[in-house]
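Below you'll find the structure, written out as structure tokens, and then a few comments.
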Amino acid sequence: MDLSNIQPAVGAVKSKTRIGRGAGSGKGGTSTRGHKGAKSRSGYSRKIGFEGGQMPIQRRLPKFGFKNINRVEYKAINISDIETLATAKGLQKVGLAELREAGLVSKNQLVKVLAKGAIACKVEVEANAFSEAAQKAIEAAGGSINKV
């Protein structure tokens with residue numbers, strides 16, 4: 001066997017229907033487009049959101065809301081998560097690299113430490129932001145914070 005006698009499986013290749021090639025083909029005349037109207041013409045394309053002349057939904061509904069372009073989005077990490085991570089891996093310092101390694105945050109996310117839970121171990125925590133309560137809880141446990 002060589003490349004010269006390779007063939008596709010039986011039934012895998014269908015011949016293309018030739019449209020608009022006379023009445024005898026069964027696909028002549030209107031060429032499967034029906035009669036008249038914009039859809040039967042060449043170059044027709046329906047506008048996005050077109051509802052047949054009815055007022056489209058994006059024009060029927062009112063505008064509302066506000067999108068703050070200066071918003072900074074943080075991934076929330078609780079001090080209970082930091083405690084769990086530090087005790088499980090025996091860490092003295094929990095930073096962004098350790099949180100990424102543990103799968104708690106992804107590569108480009110900013111991290112904010114929140115005060116849910118409790119922390120007992122002395123640990124240095126590195127993050128982009130801290131809530132006041134989290135900062136107090138970490139320092140009360142003998143640890144320190146480092147804003148990056």
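The values are calculated or read from the model by the stated rules, or taken from the named source; none is laboratory data. In this text the structure is predicted, and so the values were computed from the model without any measurement. Methodologically, a virtual Cβ is constructed for each residue, glycine included, from the backbone with ideal geometry; neighbour enumeration extends over all protein chains shown.
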Neighbours by Cβ (under 8 Å, 6+ apart or cross-chain): first from segment 134-148, closer than 13 Å to Ile82 by Cα and touching a residue at least 24 places away in the same chain (Cβ under 8 Å); second loosely packed, with under 13 Cβ neighbours inside 10 Å and of a type in the set (A, V, I, L, M): Ala137/Ala118
Quick check on my filter: what residues within segment 1-46 are under 39 Å from the mean Cα position of the chain (by Cα) and aliphatic (A, V, I, L, M)? Ala12, Val13, Ala38
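Residue by residue, here is whether (1) at pLDDT 95 or above; (2) closer than 30 Å to Val111 by Cβ; (3) among the hydroxyl-bearing types (Ser, Thr, Tyr) holds:
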position: Gln7; (1), (2), (3): no, no, no
position: Gly11; (1), (2), (3): no, no, no
position: Thr17; (1), (2), (3): no, no, yes
position: Gly53; (1), (2), (3): no, no, no
position: Ile57; (1), (2), (3): yes, no, no
position: Ala76; (1), (2), (3): yes, yes, no
Within segment 55-72, is even one residue closer than 30 Å to Cys121 by Cβ and either in contact with a Gly (Cβ under 7 Å, 6 or more places away or on another chain) or not in a strand (DSSP E or B) (or both)? yes
Consider Lys89 carefully, then state whether it is closer than 15 Å to Val125 by Cα and surrounded by 10 or more Cβ atoms within 10 Å (Cβ to Cβ). yes
Given the options Asn70, Asn128, name the one that is farther than 16 Å from Val148 by Cβ and at pLDDT 95 or above. Asn70
Quick one: in segment 103-117, which of the residues that are of a type in the set (Gly, Ala, Ser) and surrounded by fewer than 16 Cβ atoms within 10 Å (Cβ to Cβ) is nearest to the chain's Cα centre (by Cα)? Ser106
Within segment 123-130, is even one residue free of Cβ contacts under 8 Å to residues at least 60 places away in the same chain, surrounded by 14 or more Cβ atoms within 10 Å (Cβ to Cβ) and more than 24 Å from Val72 (Cβ to Cβ)? yes
Return a yes/no flag: does segment 37-48 have any residue that is under 20 Å from Gln135 (Cβ atoms), of a type in the set (Lys, Arg) and out of contact with any Leu (no Cβ under 8 Å at 6 or more places or on another chain). no
